[in-house]
Amino acid sequence: MLKKVSLKYRFVVSCAVALMSFGMVASQDAEPIKIGVGVAQTSNVALLGQEQVIGARIAGEYFNELGGVNGRPIELVFQDTAGDEAGAINAFQTLIADGVVGILGPTLSQQAFSADPIAETEGVPVIAPSNTAKGIPQIGQYISRVSAPVAVVAPNAVRAALAINPEIERVAVFFAQNDAFSVSETGTFQETVVEFGLELIEPVQSFQTTDTDFSSQVTNALSGDPQLVIVSGLAADGGNLVRQLREFGYEGLIVGGNGLNTANIYPVCQALCDGIIIAQAYSYSLDTEVNNTFREIYKEEQGKEPPQFSGQAFAGIQVFVESLIEVDDTLGIDNLSLVELRTAVNDVILSGKTFDTPLGVISFTEEGELIQAEFYVAQIQMNEDGQTGQFVFIEFGGDEEEMDMEEEATPASGG
Ligand code: 1QQ
């Protein structure tokens, strides 16, 4: 009996040693490298942030199984930002003091404009997992994003709406005026409407992300008899606005912006979520090894297809891990202080290195802007129960030529 156990033990140990020498598993003994994840786990913004936590966690486990950083495990340190600027600042300060090499976060652009400057001052690389407003990478040298800007992504939703209904002429636009992303996105949507020769119904309707009653804005907008309504807000307000548009009798197409880009709006607008068109920077059906693996793990765990915010969070962690590996291969992590390591990781991110992520092959400009080639559009299809549904990918009427891949794949200059 004793002999058996020791043989088995020896077999396990020698396998582990063999795997480690091939860099296939992260050693349990080596000190982990900390990566901060500062996103919204509470507040209304958690409707978006929850999906980021899942994507980041799956990435952490996956890359540790692959060997972490040349055998050294990574440790994700999660810090809740909640939904406002103060929460994000607090979370960033806590993570930086805890010694993370970089931070994936925060959830909202509105939070990034306040929290990112803190990381910038401390020389801590930030990868924005979902900050799509104009001007995010320009916050500083240490700020980059895996979330394609609204200027690149949002117009595709209007293209899709026109492909579904070429008769659209009049468009009503709503936006949350207290949210930086919504202000940026509505700018892109309004330019797109004009560019496509459609009539923008004036005045454009504004609201607050804390609003729950949109009846006066809805009444005003519907008096202009729109055939398309475009909403830039966040999940709770945006979902309620969609619901009220339908309750007031609007039957035309609705485009929702990135803030409505989650199945977590189903409980808000329920059956009336049906048909919302939302541009996507991720598709679970991208047929690459890394995405198929991510999709499989996600589906196994969550029982549904992975959404964009999870895919982007996974990609952000991947960029940190693969940049750390490059730093280790070239400079040796053990030779660097934490301050030096943070800068070295940032240098790799901004070096033009490519990363084969679930978003496709991505890289970053020297400024930290994302270079990504593939974009999509989905439409929400609610099931008969009015509680469950799915994002169905649809044609968005831009053939390769029309899309001008050159332009789409190059960093978007603004929103
Ligand atoms: C931003 C966004 C959010 C809606 C994503 C969660 O795109 O704040 O920039």
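Readers should treat all values here as calculations from the given coordinates under stated rules, not as data from a laboratory. All values reported here derive from a predicted model rather than from experimental measurement. Ideal geometry is used to build each Cβ from the backbone, glycine not excepted, and the neighbour counts take in all protein chains shown.
Miscellaneous remarks
- Within the set 164, 139, the sole residue that is more than 12 Å from the ligand (Cβ to nearest atom), without any contact (Cβ under 8 Å) to a residue 40 or more places away in the chain and not hydroxyl-bearing (Ser, Thr, Tyr) turns out to be 139.
- Residue match in segment 122-129 (condition: in a helix (DSSP H, G or I) and more than 10 Å from the ligand (Cβ to nearest atom)): yes
- Residues in segment 61-87 that are surrounded by 23 or more Cβ atoms within 10 Å (Cβ to Cβ), in contact (Cβ under 8 Å) with a residue 60 or more places away in the chain and not aromatic (Phe, Trp, Tyr): 68, 69.
- Looking only at residues in segment 91-106 that are farther than 21 Å from residue 180 by Cβ and surrounded by fewer than 19 Cβ atoms within 10 Å (Cβ to Cβ), the one that is nearest to the ligand (Cβ to nearest atom) is 94.
- Segment 310-338 residues that are more than 26 Å from residue 106 (Cβ to Cβ), paired with ones that are of a type in the set (S, T, N, Q) (beta carbon under 7 Å, 6 or more apart): 328/70
- When the test is whether a residue is of a type outside the set (Lys, Arg) and either within 16 Å of the ligand (Cβ to nearest atom) or part of a helix (DSSP H, G or I) (or both), residue 158 passes it.
- Among the numbered conditions (1) away from the ligand (no atom under 14 Å from the Cβ); (2) in a loop (DSSP other than H, G, I, E, B), the only one that residue 132 does not meet is (1).
- In the set 109, 147, only one residue is under 17 Å from residue 349 (Cα atoms) and buried (at least 19 other Cβ atoms within 10 Å of the Cβ); that residue is 147.
- Subset of segment 283-305 that is in contact (Cβ under 8 Å) with a residue 24 or more places away in the chain and polar (S, T, N, Q) - its residue that is nearest to residue 221 (Cα to Cα): 283
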